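Scroll down for the structure; my scribbles are underneath it.
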Amino acid sequence: MERAIQSIQGGSFSAALAMLHVPVKYNQMVAETLHKQDCLACVVLNDSDDDSFFYEGIIAKPCSELVMLSKDGVTIANTETHELLRVDDEDVNGIEHAQVLDLSDDGERWEGDVKDGKPFGWGVLYDSEGEKKYEGFRMGEMNVCYGKSYYSDIQKVEYEGMIYRGKRWGRGVQYDRNGRVIREGEWFCGAYDRKVKVQITEEHQSFHSLVTELVVSKGCCNEERWKALDLSFVTNLERLEVGDECFAHVEDIRMVGLKHLQKVKIGEKCACSDKTRRKVNPNSRFIVNDCAALTELDIGARSFSDYVVCSIQNVPSLETIRIGSVEDRSYSFMFSSLELKSGALSVESCVDLPKLATVEIGKFAFYQCVSVLFESCFLCDV
């Protein structure tokens, strides 16, 4: 267990989706958890039948706590003390410890925490032969949060790590029958070879935190429930491509702390709800910050036309910025201020953006701009 726990605690997690319109019961607590530093998240943003979003997955906090998120609520467990700290609104004080519970006439049994005559917390599951089958957190008939599964016939660990509703989900290690590591890393929805490229369509608008390439099809995500988009929780993201006419009602887009992000391409007429009148949105912001590997930022004409802030900070690898079209009227960021901030890479170099070769601002982009700031965060002595 120590190896897997150390792997979890060694992860890192930046900001997440707090700005999204996610009307779930525990949204405020979830948002606060996702915003904490030094957490490892393996979560998916799902859309539900009532035209809302909900988080699903598991987050590992540095204090040995695991937070399991679902549409119905939140479960919090401590892997060091083997305690269930919270299960939705249930009273965890009613858990009975060190109990023996017969589960079947064949001899299957549970030894550990029990509530209302069912497994509820940490314990050991034995098969009909009396061999250890599983050790960890369990609620009813479902393994949750964290545990170890065994090769029952030889009593060696087969898997150890994070678990979401019976599925391997998050950081975990799989072993062969000789105790050698087969796979070690992040699991998602029971699978290790997860799909790292996700395409959002009208029919499928879910994506998870392990995505490396996110593609949004033309004309998608224009429902009013899409109020904001914070991709900072997708820590492995390398490429973002958004088609034309997407995110009509989104008024806050953020990409912060994405150290693997290399290319961002956003099509025409995105994040622009009013296509007939040019109207300022005082709450609108486009923010790219602390993305060290970003080389290209390409934004199409008429996108973000009513935004008031365009802030690009600490992107030392940036080579190209294109906003709108120089050949046609763009109207991108019509009312926006423009902030381009960066710092020199080292004391030896006073060049903030040493690779920046192309800056293209289209016609009528930033047309009513009242503030432009190009700022160096580090000035070296010459």
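Arrange the following residues from fewest to most other Cβ atoms within 10 Å of their Cβ: GLU203, GLU108.
Details: GLU203 7, GLU108 16.
Fewest-to-most ranking of GLU203, GLU108: GLU203, GLU108.
Calculate, in nm to one decimal, what LYS156 and THR201 gain on full extension: separation in residues at 0.36 nm each, minus their alpha carbon distance.
Values: separation 45, 0.36 × 45 = 16.20 nm, distance 4.37 nm.
My answer for the length gained is 11.8 nm.
Taking the range 195-382 as the region of interest, what is the percent of Cα-Cα pairs per 10 angstrom bin, listed from the shortest bin to the one with the maximum distance?
The calculated distribution, bin by bin, is 10, 37, 36, 14, 3, 0.
Please work out the C-alpha center-to-center distance from the range 195-227 to the range 82-158 and express it in whole Å.
Computed from Cα coordinates, the inter-centre distance equals 37 Å.
Could you list the chymotrypsin sites (Phe, Trp or Tyr not before Pro) in the range 157-223 that lie in coil according to DSSP, counting only those with at most 13 other Cβ atoms within 10 Å of their Cβ?
none
At 7 Å along the Cα-to-beta-carbon direction for both GLU90 and TYR192, put a label point, then send me their distance in nm to one decimal.
Taking the simple label geometry, GLU90 and TYR192 are separated by 3.1 nm.
Quick check: convex hull of the Cα atoms in the range 47-168, volume per residue, rounded to a whole Å³?
Details: hull volume 15.1 nm³, N = 122.
Here the figure is 124 Å³ per residue.
What's the FRET efficiency of LYS71 with ARG177 using the Cβ-Cβ distance as r and R₀ = 35 Å, to the nearest 0.05?
0.40
Name the lysines eligible as straight-distance cross-link partners of LYS259: C-alpha to C-alpha under 29 Å, and not fewer than 8 places from it in the same chain.
LYS36, LYS61, LYS167, LYS195, LYS197, LYS218, LYS227, LYS269, LYS341, LYS355
Using Cα pairs closer than 8 Å and at least 6 residues apart in sequence, work out the relative contact order for the range 195-382, in percent.
Answer for the range 195-382 is 15 percent.
Stretch THR212-HIS260 to full length: gain in nm at 0.36 nm per residue minus the Cα-Cα span? Spell out each step's value before the answer.
Numbers: separation 48, 0.36 × 48 = 17.28 nm, distance 0.85 nm.
Result for the pair: 16.4 nm of gain on full extension.
Please list, in order, the residues from the range 254-273 whose amide nitrogen is less than 18 Å from a point placed 7 Å along the Cα→Cβ vector of GLU360.
263-270
Roughly how many Å is it from the Cα centre of the range 298-332 to that of the range 254-271, as a whole number?
Rounded to whole Å, the Cα centres lie 11 Å apart.
Sort 355-368, 70-83 for me by packing, meaning the mean count of neighbouring Cβ atoms within 10 Å per residue, highest on top. Could the numbers behind the result be given before it?
On the way: 355-368: 16.1, 70-83: 17.6.
Peptide ranking by packing, descending: 70-83, 355-368.
Where a number appears in this text, it was derived from the coordinates with a stated rule and is not lab data. All of these numbers come straight from a predicted model, not from anything done at the bench. Glycine gets a Cβ as well: all are built from the backbone with ideal geometry, and neighbour counts include every protein chain shown.
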